[in-house]
1. With respect to A:I763, determine if the residue is within 16 Å of RNA strand B (Cβ to nearest atom), closer than 30 Å to A:E20 by Cα, open to solvent by 20 Å² or more (accessible area, probe 1.4 Å) and assigned to a helix (DSSP H, G or I).
2. I'd like to verify a number: residues in the stretch A:688-729 that are within 14 Å of RNA strand B (Cβ to nearest atom), surrounded by fewer than 17 Cβ atoms within 10 Å (Cβ to Cβ) and among the acidic types (D, E), how many?
3. What are the pairs with Cβ atoms under 7 angstrom where one residue, in the stretch A:655-672, is in contact (Cβ under 8 Å) with a residue 24 or more places away in the chain and open to solvent by 30 Å² or more (accessible area, probe 1.4 Å) and the other, located anywhere, is more than 9 Å from RNA strand B (Cβ to nearest atom) and not in a helix (DSSP H, G or I)? Sequence gap at least six, or different chains.
4. With respect to A:N718, is the statement that it is of a type in the set (S, T, N, Q), at pLDDT 90 or above and within 23 Å of A:G657 (Cβ to Cβ) true?
5. For the stretch A:353-409, name all the residues that are among the β-branched types (V, I, T) and surrounded by 14 or more Cβ atoms within 10 Å (Cβ to Cβ).
6. Would you confirm whether any residue within the stretch A:467-481 is at pLDDT below 95, under 28 Å from A:W99 (Cβ atoms), touching a strand residue (DSSP E or B) at 6+ places or on another chain (Cβ under 8 Å) and among the hydrophobic types (A, V, I, L, M, F, W, C)?
7. Taking the stretch A:210-246, which residues are open to solvent by 60 Å² or more (accessible area, probe 1.4 Å), more than 10 Å from RNA strand B (Cβ to nearest atom) and either under 15 Å from the mean Cα position of the chain (by Cα) or at positive phi (or both)?
8. Here are the criteria: (1) more than 28 Å from A:E203 (Cα to Cα); (2) open to solvent by less than 70 Å² (accessible area, probe 1.4 Å); (3) in contact with a strand residue (DSSP E or B) (Cβ under 8 Å, 6 or more places away or on another chain). Tell me which single one A:G412 does not satisfy.
Amino acid sequence: MAETSLPNIEQKWQKVWDAEQAFAATMDTSRPKYYVLEMFPYPSGRIHMGHVRNYTLGDVVARYKRAKGFNVLHPMGWDAFGLPAENAALERGLHPAGWTYENIEMMRGQLKSMGLSYDWDREVATCAPDYFQHEQKMFLEFLKAGLAYRKESWVNWDPVENTVLANEQVVDGKGWRSGAPVERKQLSQWFLKITAFADELLEAIEGLDRWPDRVRTMQHNWIGKSTGARLSFSIDDEKHDKIEVFTTRPDTLYGASFIALSPNHPLTLQLAAEHSELADFVSECNAIGTSEAAIEQAEKRGFNTGLFVEHPLIADKKLPLYIANFVLMDYGTGAIFGCPAHDQRDLDFANKYDLPVLPVVCPSDETADSFTITDTAYTGPGKLINSGPWTGLDIEAGKAKAIEALAAENIGRAETTFRLRDWGVSRQRYWGCPIPIIHCDACGPVPVPDEQLPVELPEDVTFDKPGNPLDRHPSWKYVGCPSCGKDALRETDTFDTFFESSWYFLRYIDPTSDRGFSPEAAAYWMPVDQYIGGVEHAVLHLLYSRFFMRALSATGYLTLDEPFAGLMTQGMVCHQSFKDSDGNWVFPTEIEKRDGGWVKIADGTPVEAGRVEKMSKSKRNVVDPEHIISAYGADTARLFMMSDSPPARDLEWTESGVEGAHRFISRISRFAAAAEKIDDFVSIPKADEVSKEALSLLKVTHRAVNDIGIDIDRFAFNRCVAQFHMLTNAISDFKPETDSDKHVYAHALGRLAIVLSPFSPHIAEELWAALGGTGLVTNAAWPEIDDTFLVDDAVTIAVQVNGKVRTKIELPVDCAAEAAEQAALALPEVEKHLAGRTPKRVIVVPNRIINVVG
RNA sequence: GGGGGCAUGGUGAAAUUGGUAAACACAGCAGACUUAAAAUCUGCCGCCGUAACAGGCUUCCCGGUUCAAGUCCGGGUGUCCCCACCA
């Protein structure tokens with residue numbers, strides 16, 4: 001094993017960094033800042049490999065930028081509210097707060113053992129009143145500004161647990177825990193008006209040029225802007241209101257054959273009141289949950305009301321009015337016109353209920369007479385047909401004409417609709433931030449006055465019954481109305497935990513401010529220069545945070561639109577999974593290789609190697625970082641994480657890969673153990689004063705330092721590790737003899753220590769100290785590069801004949817094209833492969849390639 | 001159903017953005033050291049040829065542009081992810 005115990009070395013340097021407060025950040029407007037942030041963890045109890053990868057990625061960037069002279073802010077904290085704490089309370093009788101804080105203690109210790117360059121003085125836990133009081137205040141400011149409101153909305157309701165379920169918690173239409181069929185129910189909920197910024201959020205995606213394209217597209221699609229028209233249809237009995245419809249295809253209006261309303265449309269409810277069969281139909285529709293699976297299985301059904309509406313453009317044409325289960329109340333106007341020829345869903349519906357199918361768009365290779373629709377709707381390009389005055393127009397012109405015509409008749413206009421809906425933030429949960437509202441019979445919902453903030457959670461709560469403990473607490477919710485003084489009730493819902501994560505990066509910049517954060521700190525530190533985390537937050541957290549910046553700007557907290565200038569989404573950490581003969585997942589520690597196959601150590605029964613999958617407890621393919629760190633050290637774990645896969649891609653955890661990384665770290669520690677202290681090894685030796693071998697090592701060294709810097713900037717950390725190996729191999733191969741050689745040798749090792757320190761900082765410190773380096777390598781500036789070492793005087797380039805590489809030739813750098821051409825044509829291989837033909841053309845790309853075309 | 005990513009040796013990958021495909025590692029093989037093993041060091045390692053050269057083939061498949069394609073364009077296959085009765 002290693003000469004000196006690596007874990008001891010690591011603890012030693014961690015103590016030194018602590019004692020020197022090496023990573024404390026202070027605001028200094030005279031220096032350029034760099035804010036590096038990793039998505040903060042939920043304190044589940046122990047760190048996992050995904051955390052190790054995420055935080056190592058961030059630490060490499062933070063330490064590199066520090067070496068490059070930036071005033072780096074690199075904080076860490078805890079996304080501490082959430083359901084698992086309540087489950088622990090339910091299952092093990094622990095209080096959520098105690099459980100959470102214990103987990104934080106545990107995980108902080110684990111993170112510290114990784115040697116991450118955090119400024120721990122800025123640590124934040126979102127469940128602390130000192131944190132959430134500021135978001136209660138923000139919410140009240142949003143309320144004042146009209147960016148928060150209360151509304152009845154449809155939710156998934158679990159009738160056994162008496163609580164709202166998120167869509168993710170509904171499995172096959174049933175509650176994930178209770179197994180009870182989920183109901184749709186209307187509930188009064190608080191909403192944040194994210195739709196007020198829909199257009200802005202969409203347009204600003206364009207400017208997020210340091211975000212991954214796929215995240216940008218996901219947000220783009222999520223916001224889902226549709227342009228079209230809103231138009232109204234009159235019911236021919238004149239008793240009822242007009243029906244407003246949104247469509248993206250106003251050009252197909254002449255092909256309309258029915259109108260369908262959502263089961264929750266106001267008119268539907270009005271009709272259902274007089275019509276018991278319809279009322280039954282509506283409740284059937286609502287019994288089906290809102291989950292994906294439920295929707296997919298649900299058959300498209302309609303209810304014919306017997307009423308007719310007038311076609312707005314064709315005199316005397318009447319369209320039947322249906323209630324249809326596939327029409328959503330939440331999107332558009334909750335009503336559609338069906339044009340079966342050009343919409344698959346409308347066509348299915350029309351065929352089922354025997355409604356006419358009239359094509360009004362015809363592809364260019366068909367004619368109006370021959371073109372028919374049977375069971376596949378036509379959604380492609382073409383010319384309008386059967387469309388009165390619009391016949392002959394193309395689709396886009398048809399849309400414009402249609403909007404013009406509707407406007408002229410005063411029955412419609414152009415309209416834009418978004419898929420994005422306002423953010424419902426109410427949760428019927430205990431372990432969350434209380435919503436600072438008091439409900440008074442006389443005054444309605446009244447904001448909790450500033451001087452009564454924060455509204456804290458009561459500690460004496462019970463989890464023995466389903467439902468919200470806050471709601472059944474004996475006294476907590478009974479308060480006087482702040483406005484009239486009469487008996488009133490506290491809001492017992494708490495905020496969605498995405499509320500906390502939408503602004504935590506602002507708390508880090510000014511963690512003791514009594515207003516959450518100061519505009520001055522925000523002006524200096526924001527935006528986050530580099531944000532790193534999992535792609536699973538591509539939409540929710542990253543979109544909510546973007547909204548929050550705009551809402552906070554609108555309420556005078558700061559002036560900033562975009563919180564994260566750069567975003568890096570890392571891939572998952574995967575591992576081989578195993579199943580035994582009974583099909584149960586087996587831990588890798590329970591098995592061994594025998595005769596080329598896997599067997600259980602315990603009883604020798606065969607085990608089948610499954611797929612390489614994301615590490616997860618259920619598949620038993622997790623590896624605990626703590627074991628790896630105690631067995632190999634943090635430097636090894638960190639280096640391995642950066643080694644093979646580029647950050648954005650999935651990384652497969654392999655034991656042999658870890659051992660490879662550990663061999664490298666051990667190799668460095670042998671260099672450190674054998675190092676001689678040389679005065680002034682940092683200074684760059686002169687090219688003309690060193691031996692040929694030493695010069696070549698200097699070239700490798702300066703090239704490596706140069707390339708590593710470039711590769712860190714572009715997140716090619718796996719290439720950096722390759723550079724470490726090449727540099728180390730070159731150093732190993734060099735046998736210093738003279739004093740000048742020793743200087744070069746120490747110089748190369750010193751450069752290695754600096755460039756390795758973002759990745760494996762402990763061993764880098766050890767090496768630096770062994771060489772006699774001044775101060776900490778953690779504080780060392782990124783090395784200067786002597787450009788003269790980056791250029792060679794000769795290059796070997798490939799010579800092609802008719803596009804195939806036939807030989808190589810060594811030429812002086814920047815050799816003139818004519819000379820290169822002459823040299824190439826003189827080569828015997830070229831002559832041979834030309835086989836007597838005269839070269840028609842010779843392409844010379846200087847320092848790259850020569851291609852002889854013959 | 002809609003949108004997006006990815007596809008390169010036995011494996012993870014690299015390729016200066018259109019210019020020598022396979023850097024660096026993992027695994028494997030052979031050797032040195034050792035009583036032996038581990039560790040360490042040295043060498044080999046895309047495929048088909050060959051005694052060895054020479055050749056030929058090769059970046060999922062088919063086609064195109066180009067002196068030149070892993071890279072660009074068109075079509076297809078596989079795979080993963082996101083969204084999904086969105087009018």
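The values are calculated or read from the model by the stated rules, or taken from the named source; none is laboratory data. Just so you know, these numbers come straight off a predicted model, no measurement behind them. Using ideal geometry, Cβ is built from the backbone for each residue, glycine included, and neighbour counts are taken over all protein chains shown. In case anyone asks, the SASA skips ligands and DNA or RNA and just uses the protein heavy atoms, side chains included. Shrake-Rupley method; radii C 1.70, N 1.55, O 1.52, S 1.80 Å.
1. The answer is no for A:I763.
2. Here the count works out to 1.
3. That search, which allows pairs on different chains as well, returns A:R670/A:E3.
4. yes
5. A:V357, A:V360, A:V361, A:I373, A:I385, A:T391, A:I395, A:I403
6. So far as the stretch A:467-481 goes, yes, one or more of its residues are at pLDDT below 95, under 28 Å from A:W99 (Cβ atoms), touching a strand residue (DSSP E or B) at 6+ places or on another chain (Cβ under 8 Å) and among the hydrophobic types (A, V, I, L, M, F, W, C).
7. Scanning the stretch A:210-246 gives A:R210, A:E238.
8. A:G412 satisfies all of (1) more than 28 Å from A:E203 (Cα to Cα); (2) open to solvent by less than 70 Å² (accessible area, probe 1.4 Å); (3) in contact with a strand residue (DSSP E or B) (Cβ under 8 Å, 6 or more places away or on another chain) except (1).
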